[in-house]
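Structure, as structure tokens:
Every number here is computed from the coordinates shown, using simple stated rules; none is lab data. Everything quoted here is computed from the prediction, not taken from an experiment.
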Amino acid sequence: MQTLDHLPLSALKGAGAATLARLEKLGVSSVLDLLLHVPLRYEDRSRLTALGALQAGASAKVCGQVQLAEITPRGRRSLVCRLGDGTGHVYLRFFHFNARQYEQLAKGVWVSAFGEVRQGFYGLEITHPEYQIRAEKEESDEQADGDRDQLDGAQSMHRLAPPARDTSLAEGELSRGSG
């Protein structure tokens, strides 16, 4: 019986040439390497950042009330939404959007969003954030949907190979009882 450190990734069901090439770029060459691969950093989505405390270059979770939502025709067409929380404001920018998103982001709606803050034309903005419509303002200590203490692994693998796929490869090998 082979041990996991000697079992090549090509032995895994569903590991095709493209997946193997992406994993090779990460230095993952055996099943054991795949099981022990850890994220480079974690994105903490449990801490709410006040809009007035945002800094360009940082990833942050924010919550604010929509003050403005408009489709800008100049340059590349985009949906721009301004959030405010009393301490400051930030713009959410969507280049790929639909009519439903525009309707959801109506003035007065509370939104929590996560993404990388950048300096934009009008000030700080988050382009294509992950967002959620809220019934009310989200508090930093008491989160509305119970996703408290949520950490998300931000791996180099996210760009090279989908994490869910890699997890299923490793889980498949473990369930077969190799080792």
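Values for this structure:
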{"read-out": "Karplus-derived 3J(HN,Hα), 6.51/-1.76/1.60, for each residue of the stretch 39-48, Hz, glycine and proline x", "value": "x, 6, 7, 10, 9, 8, 9, 8, 9, 8"}
{"read-out": "Whether the stretch 44-137 is rounded, prolate or oblate, judged on the alpha carbon gyration tensor where a/c under 1.5 counts as rounded", "value": "oblate"}
{"read-out": "Interchain or long-range residues, amide H under 5 Å from SER46's placed H", "value": "GLN150"}
